[in-house]
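Here the structure is laid out as structure tokens; the discussion comes afterwards.
The values are calculated or read from the model by the stated rules, or taken from the named source; none is laboratory data. If you're wondering where the values come from, they're calculated on a predicted model, not measured in any experiment. Heads up, the Cβs are rebuilt from the backbone with ideal geometry, glycines too, and the neighbour counts pull from every protein chain shown. Quick note on the areas: whole protein, heavy atoms, side chains included, nothing else; ligands and nucleic acids left out. Shrake-Rupley method; radii C 1.70, N 1.55, O 1.52, S 1.80 Å.
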Amino acid sequence: MQTSNLSNPVLGELGDILPAVPTDEFVSVDLGFSASAEQKRYYAESHVIIDYLEGMASLILYEEDTRKVFYLDRIVRLQPGVLFSVAPLEEQCRVRLYLQDASALQEKDMIYADFLQQEPPSLEFERIYTFLYQQTPDSFYFHGESHTPYELVYVEQGLLHIIVEGQNVELHPQQCLIIGKNSWHIQYADEPMQFFTASFDMKSPYLDPLVSRPLQVWQELAVLPEKMVQELKQSAFSGDYIESLMKIFLIELIRQPQSQAGGTKYPATSYAENQIVSGILQMISQRIYGKISLHQLAEQAHISVPYLYTLFDRHIGMPPGKYIMKIRIEESKLLLQEGKMSVGEIAACMGFTSIQHFSRQFKNFCGMPPSRYMK
């Protein structure tokens, strides 16, 4: 449990801070405390002055159903009747009490101060696996993957589509998305992009309510991704620096008011649809270099072809045939950029019936024939 600093404003009506032990006649009582033992709770009908002697001690004050924990590093005078206890922050501690009459000190009961040992919430951040900053000159396409670590995607410029678990999520500038563990996802854009992705591992469940939700990143927080990218140019301690910035970025997202509402909760039917669409997209990705039949896709997904069209219109925003053609063209662009295959070889590889058919479809999507794009 987190301790507070002792001060008069924080103590309020419970007591005050003294610069020194008063010179009046007082009876002193020395008390020792061990972390492994139960702690007594005390009170007195008169003022009690508490001073620390040895070890790191916590002063716990009880008021109705609440308790306040302070680090005892100053001399404290408690008002009559205030219930208190002392517990060591390490193994042992000793304090000295000053009272006008030793009999005024009363023991109330015994408690365990185990709440002092409770760790505050932690992200339990383990490591960053990848950190990639990408600038694309025109459109962009990534055919899809799933992996155990989380993935953070943050967009600086452009509109990025992420199809994750059967949902087409649009990320605008200064928005980010956290992709959950083992979630199959595709990324594509129809315009120039600037964005970064980072895959990382952590054990804490605090990110789970934010998974698969586009989150707005306010201006003050947006500087952190920029600093992470700048750190890539450094050498000494850059990994530690990026990891620290990443933790701050994630903590701020968790604390953000819009994040407290939790993730999008889909009804059972919608969740089932997401799973069907995700499975179909994976099948398409695996067969992109061969012939793809909508009837076979529907049959293997145990649905009808009309329902296949309905699902794609609802979740992807385009018919299945157009989606297949789009990712085939995007894959073709990657092959054209590599320059290892001719236009005719790429057309055959991607399952087009002829070069003319390939060129016509390519121009429809890209505004130019593949031969010009290659140049």
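Overview of values
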item	result
Residue-span extension gain [Tyr271 to Tyr289] - 0.36 nm each, minus C-alpha spacing	3.5 nm
Rounded, prolate or oblate (a/c below 1.5 giving rounded, otherwise prolate when a/b exceeds b/c) for the range 223-375 by Cα gyration tensor	oblate
Net charge of Cβ neighbours under 13 Å - reference Ile162; Lys, Arg +1; Asp, Glu -1	-3
Net lengthening on full extension, Glu191/Met110 (0.36 nm per residue, minus Cα-Cα)	22.4 nm
Amide proton proximity set for Leu89, modelled H, under 5 Å, gap of 5+	Met56, Ala57, Ser58
Computed label-point distance, nm, for sites Ser4 and Ala348 using a 7 Å Cα→Cβ extension	7.8
Simple spin-label estimate for Glu170 and Asp101 in nanometres, 7 Å along Cα-Cβ	7.9
Solvent exposure, largest accessible area first (probe 1.4 Å, DNA, RNA and ligands not counted), of Thr66, Thr3, Thr353	Thr353, Thr66, Thr3
Cα lying deepest toward the dipole's positive end in the chain, options Asn5, Phe195, Thr130, charges on Cβ	Phe195
Size of electric dipole in the chain: Cβ of Lys, Arg +1 and of Asp, Glu -1, about Cα centre, debye, nearest 20	2480
Whole-number percent relative contact order across the range 222-375, with pairs defined as alpha carbons under 8 Å at least 6 apart	14
Lys227, Lys333, Lys322, reordered so the largest accessible area comes first (probe 1.4 Å)	Lys322, Lys227, Lys333
Ile316 accessible area, assembled protein chains, probe 1.4 Å, Å²	10
For the range 143-148, 3J(HN,Hα) per residue [Karplus equation, 6.51 cos²θ - 1.76 cosθ + 1.60, θ = phi - 60°, Hz, x = Gly/Pro]	6, x, 6, 9, 7, 5
The range 53-175, relative contact order [Cα under 8 Å, separation at least 6], %	17
For a label point 7 Å along the Cα-to-beta-carbon line of Arg255, residues of the range 1-45 with backbone N under 19 Å	1-5
Built amide H within the under 5 Å cut-off of Tyr206, gap 5+	none
Residues of the range 1-81: accessible area per residue with a 1.4 Å probe, Å²	57
Inter-label distance, nm, simple model (7 Å from Cα along the C-beta direction), Lys363/Ser304	3.9
Rounded Å value of the spacing that divides the Cα centres of the range 117-168 and the range 330-375	30
Per residue accessible area of the range 122-193, 1.4 Å probe, in Å²	40
Cβ-defined net charge surrounding Met193, 10 Å radius [Lys, Arg +1; Asp, Glu -1]	-4
Helical mean residue ellipticity (222 nm; -39500 (n - 2.57) per DSSP H run of 4+; nearest 500) of the chain	-9500 deg cm²/dmol
Charge dipole (the range 57-212, unit charges on Cβ, about Cα centre) - positive-most of Thr66, Pro149, Leu97	Leu97
Reach of Lys233 by Cα under 27 Å, taken over lysines that are not fewer than 8 positions away in the same chain	Lys247
When the convex hull of its Cα atoms is projected in every direction, mean area for the chain (nm²)	26.5
Largest-first ordering by accessible area, 1.4 Å probe, given options Ser244, Ser7, Ser332	Ser244, Ser7, Ser332
Environment charge at Glu107 (Cβ cut-off 14 Å; Lys +1, Arg +1, Asp -1, Glu -1)	0
The range 44-67 versus the range 306-325: alpha-carbon centroid distance in Å	68
Of all accessible heavy-atom area on the chain, the percent that carbon and sulfur account for (1.4 Å)	48
Listed residue pairs exceeding 23 Å between alpha carbons, taken from Lys291/Lys326; Lys181/Lys227; Lys40/Lys68	Lys181/Lys227
Length-normalised contact order of the chain in % [C-alpha pairs under 8 Å, at least 6 apart]	12
